[in-house]
Amino acid sequence: MRILILGFEYLPVKVGGLAEAITSIAEGLAELGNEVVVFTPDHGRNLGEVFGSFRVSAFGGEVSITVRKREQNGVVVYSLGGGLLSESDVYGPGWEGLLRKAVLFGKASVGLMNGLIDAFTPDVIHAHDWHTVFALGLLKKYFGIRSVFTVHRLNKARIPDHYFSEANLAELAPYPEIDPEHTACYIADMVTTVSRSYLWEEWEFFKHFEGKVTHVFNGIDCSFWNEELMETKDLPREERRRRVLERFGLSDGKAFMFIGRFDKAQKGVDTLLRAIEVLSADPAFKEMRFIIIGKGDPELEAWARAVQNRFPENVRVVTELLGRETVRELYGSVDFVIIPSYFEPFGLVQLEAMCLGAVPIGSAVGGIKDTVIGLNSDPENATGLLVPPRDAFALARAMVLAKELDEGTLRKLRENGKRRARNDFTWENACGRYMKVYGGTVDRAVPFLR
Ligand code: NHF
């Protein structure tokens, strides 16, 4: 099959989990023998050789578009630069800048497709997240190619209709305020999201596309997230933990780690901070250590620092960016990783942790619920602990329970976790299912069969 992928992030350009997901999907599809081409904004990175240029009229002026081409792990990547497409802020500058960038990406995609169509006629266009809505709409309008839209995370934004007029897609904007995710799903022949539970949690949105909506789980690349590649792989796990804690100026104890964005809308670091405050009154607290890695909202950062100052023997907050290898060392050394998200379309942290033998304690939502098997629901196959989201007391209780687990149970959780991450959530599985989505031969989400 010839597959055209559209996305705002593609490695090495990375803001969040999206880059990893789109790149792995494209490479996985290529490995399955497909011809895979990607269109993505250049974001000022100038990656690859100049392939061509053309002019596009937009917003009352003209923009000169430069197309660069590179081959990356079996995938041909075209990056579109010029005007706002060369802006280094991937999702900016500002909200209006982002909307204009998205429109320009759409128009430039048509220009590029016009030049390629002779040599490369896609069988399917696979667009990712709402920033590609104009590109998807325009490619569909001018080339009539079958299309799939994947929601990695609902943004629930509203866009003034004039952006659609500017994109020459006025017919898609019958109201003054348009939800671009809704429009993209409406245009697409099939709609997917990245976990089964997220799809049902957001059924109020997805129900509008009943009949053409399904889920495709993401995967995890266990070849990188692998204990064998750790510098300290030959040391026993307790020794690795002792060393890591020492590096952060903490004495040995049961180690719990959080890694993620400090935000007030999704990742739930506030629930963890509250849980630590609750736990401080528990005798078990003395033997518990918390490494909290991330940055973002200044209020949350200040709260995290205040918690560290109150409990200097137990808590370390790390706000500097850590390299992937360092993060791997940490996953392979701590006992537990906390994922207290309010919601999580898929989530990578719980699987990265499982690959490296850290036991996840996560919210029972979205992809976390689908990937982690909870100790209380299935002790034999369990890979971690699941707790209700936004419930600091439940999280605190789960952490005490985790701390008291005997060595045998812990070993089993680790082994189950590694096996599940490696076997059940591969990118190969994900791509195999996407192939079925492209062909329309996939099972659908049916509300009366839930
Ligand atoms: O893993 C890639 C990522 C997901 O849960 C994640 C999210 C955004 O919020 O699909 O997209």
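The values are calculated or read from the model by the stated rules, or taken from the named source; none is laboratory data. Treat the numbers as computed from the prediction; the structure is a model and nothing was measured. Every residue, glycine as well, gets a Cβ built from its backbone with ideal geometry; the counts of neighbours run over all protein chains shown. The accessibility values were calculated without ligands, DNA or RNA, using every heavy atom of the protein model including side chains. Shrake-Rupley method; radii C 1.70, N 1.55, O 1.52, S 1.80 Å.
Using the structure shown, list the pairs from K140/K264; K69/K101; K14/K436 with a Cα-Cα distance above 31 Å, or answer none. Intermediate values should be presented prior to the final figure.
On the way: K140/K264 37 Å; K69/K101 20 Å; K14/K436 28 Å.
Over 31 Å apart, Cα to Cα: K140/K264.
Using only the alpha-carbon atoms, how far is helix 94-116 inclined from the longest principal axis of the chain? Give it as 0 to 90 degrees, nearest 10.
The angle comes out at about 50 degrees.
When Lys and Arg each count +1 and Asp and Glu each count -1, what net charge do the other residues less than 12 Å away from F134, Cβ to Cβ, add up to? Before the final figure, lay out each step's value.
On the way: positive: R100, K101, K107, K140, K141; negative: E166.
Neighbour charge sum, excluding F134 itself: +4.
Give the Rg (one decimal place) followed by the Dmax (whole number) of the range 404-450, computed from C-alpha coordinates and expressed in Å.
Rg and Dmax of the range 404-450, Cα atoms, are 17.0, 50 Å.
Could you work out how far the C-alpha centroid of the range 330-351 sits from that of the range 252-281, in angstrom?
Rounded to whole Å, the Cα centres lie 11 Å apart.
Between Q266 and F120, what length in nm is gained on full extension when 0.36 nm per residue of separation is reduced by their alpha carbon distance?
Values: separation 146, 0.36 × 146 = 52.56 nm, distance 3.98 nm.
Length gained between Q266 and F120: 48.6 nm.
Quick one: which residues, 5+ away or cross-chain, put their amide H under 5 Å from the amide H of I292? H built at 1.01 Å from N.
Excluding prolines and chain starts, which carry no amide H, the hits are F258, R316, V317, V318.
Under 10 Å, Cα contacts only: if you run a Gaussian network model on the chain, which one of S223, S341, S79 comes out with the highest mean-square fluctuation?
S223
Out of the range 278-324, which GluC sites (Glu not before Pro) are coil in DSSP terms and have no more than 14 other C-beta atoms within 10 Å?
Values: sites: E287, E299, E301, E313, E320; in loops: E313, E320.
Within the range 278-324, the qualifying GluC sites (Glu not before Pro) (loop, at most 14 other Cβ atoms within 10 Å) are E313, E320.
Under 5 Å between amide hydrogens, which residues at least 5 positions from H126 or on another chain qualify, with H placed 1.01 Å from N in the peptide plane?
Result for H126 returns L4, I5, L6, V148.
Give me the extension gain from S377 to R324: residue separation times 0.36 nm, minus the current Cα-Cα distance, reported in nm with one decimal. It would help to have the intermediate numbers written out before the result.
Numbers: separation 53, 0.36 × 53 = 19.08 nm, distance 3.26 nm.
Taking S377 through R324 to full extension adds about 15.8 nm, to one decimal.
Suppose we keep just the alpha-carbon trace of the range 179-251; what are its Rg and Dmax in angstrom?
According to the Cα coordinates of the range 179-251, Rg and Dmax are 21.7, 57 Å.
With 32 Å as the cut-off, how large is the P(r) tail for the chain, expressed as percent of Cα-Cα pairs?
41 percent
For the chain, give me the percentage of DSSP beta bridges that are antiparallel, rounded to the nearest 5 percent.
Numbers: 18 of 64 bridges.
The answer is about 30 percent antiparallel.
For E238 and L32, FRET efficiency with R0 = 35 Å and r from the beta-carbon atoms, rounded to 0.05? Spell out each step's value before the answer.
Working: r = 42 Å, r/R0 = 1.19.
So, using R0 = 35 Å, E works out to roughly 0.25.
How big is the range 264-346 on each of its three principal axes, counting only the C-alpha atoms and giving the largest first in Å?
33, 29, 23
Given a 1.4 Å probe and the protein chains all in place, what does the accessible area of R247 round to, in Å² to the nearest 10?
Near enough 140 Å² of accessible area.
F262's amide H: which non-local residues (gap 5+, or another chain) put their own amide H closer than 5 Å, with H modeled 1.01 Å from N in plane and none for Pro or chain starts?
Under 5 Å from the amide H of F262: K295, G296, D297.
Between F51 and K14, what is 0.36 nm times their sequence separation minus the Cα-Cα distance? Round to one decimal in nm. If you can, show how the numbers build up before the last one.
Values: separation 37, 0.36 × 37 = 13.32 nm, distance 2.30 nm.
Extra length from F51 to K14 when fully extended: 11.0 nm.
Once each part is reduced to its C-alpha centroid, what is the distance from the range 101-126 to the range 129-192 in angstrom?
One Cα centre to the other: 15 Å.
Quick check: Cα centre of the range 367-381 to Cα centre of the range 415-432, how many Å?
Result: 15 Å between the Cα centres.
Using a 7 Å offset from the Cα along the Cα-to-Cβ direction at both D161 and N226, what is the distance between the two label points in nm, to one decimal?
Once both label points are built, they end up 5.5 nm from each other.
Mind ranking S147, S64 by accessible surface for me, highest first, 1.4 Å probe? The partial results should precede the final answer.
Values: S147 0, S64 55 Å².
Descending accessible area places them as S64, S147.
Nearest 0.05, what FRET efficiency do Y142 and E407 give at R0 = 45 Å with Cβ-Cβ as r?
Numbers: r = 63 Å, r/R0 = 1.39.
With R0 = 45 Å, the Cβ-Cβ based efficiency is 0.10.
What number comes out for the charge environment of G432, summing +1 per Lys or Arg and -1 per Asp or Glu over other residues with Cβ under 15 Å away? Before the final figure, lay out each step's value.
On the way: positive: R433, K436; negative: E27, E31, D424, E428, D443.
Within the 15 Å Cβ shell, the charges total -3.
Apply the Karplus parameterisation 6.51 cos²θ - 1.76 cosθ + 1.60, with θ equal to phi minus 60°, to every residue of the range 367-374 and state each ³J(HN,Hα) to the nearest whole Hz, in sequence, with x for glycine and proline.
x, 5, 4, 7, 9, 8, 9, x
Let me know the Rg and Dmax you get for the range 227-424 when you use only its Cα atoms, in Å.
15.2, 42
For the chain, give the magnitude of the charge dipole about the Cα centre (Cβ charges: +1 Lys/Arg, -1 Asp/Glu; no others), in debye to the nearest 20. Spell out each step's value before the answer.
Working: 54 positive and 61 negative charges, 34 e Å.
So the dipole magnitude of the chain works out to roughly 160 debye.
Using a 1.4 angstrom probe on heavy atoms only, work out the carbon and sulfur share of the accessible area of the chain in %. Don't jump to the answer; show the numbers that get you there.
Values: 8890 of 18210 Å².
Of the solvent-accessible surface of the chain, carbon and sulfur hold 49 percent.
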